[in-house]
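Here is the structure we will look at.
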Amino acid sequence: MNSIRAAIYARVSSEQQAAAHTIQSQLAALTERAHADGLPVPQERQFLDDGQVLLIDEGRRAGIEIVFSNRSLGKSPEDDLLLQVTAR
């Protein structure tokens, strides 16, 4: 039995992205990635957000590993700056 539990966090950061329903495409891609990794993600662990970085910070403080599907972030101060800029 796999002891790793995965969650999905998708967000939009602009009204234009929300209108284009990009969060649905993010959710589909993240679900596919989790499935490929053998990590089922039930609906109660799928989080959709309007662009607040607060959940990422709280997760890190709780010891939760944050993995981005499109890049590696959080390994340097430059990565943290990129995260702050792209999450707005």
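Given their separation in residues at 0.36 nm each and the Cα-Cα distance between them, Leu48 and Arg61 gain 2.7 nm when the chain is fully extended. Near the amide H of Arg11, within less than 5 Å, lie the amide hydrogens of Asp49, all on another chain or at least 5 residues away, with H placed in the peptide plane. Taking other Cβ atoms within 10 Å as a rough exposure proxy, Arg61, Arg5, Arg11 sort from fewest to most as Arg61, Arg5, Arg11. Legend: ranking of residues Leu30, Leu82 from fewest to most surrounding C-beta atoms inside 10 Å; resulting order Leu82, Leu30. With each label modelled as a point 7 angstrom along the Cα→C-beta vector, the Asp79-Arg5 pair spans 2.5 nm.
Every number in this text was worked out from the coordinates using simple rules, so none of it is lab data. Quick caveat: nothing in here was measured; it's all calculated off a predicted structure. Cβ: placed from backbone, ideal geometry, glycine included. Neighbour counts: every protein chain shown.
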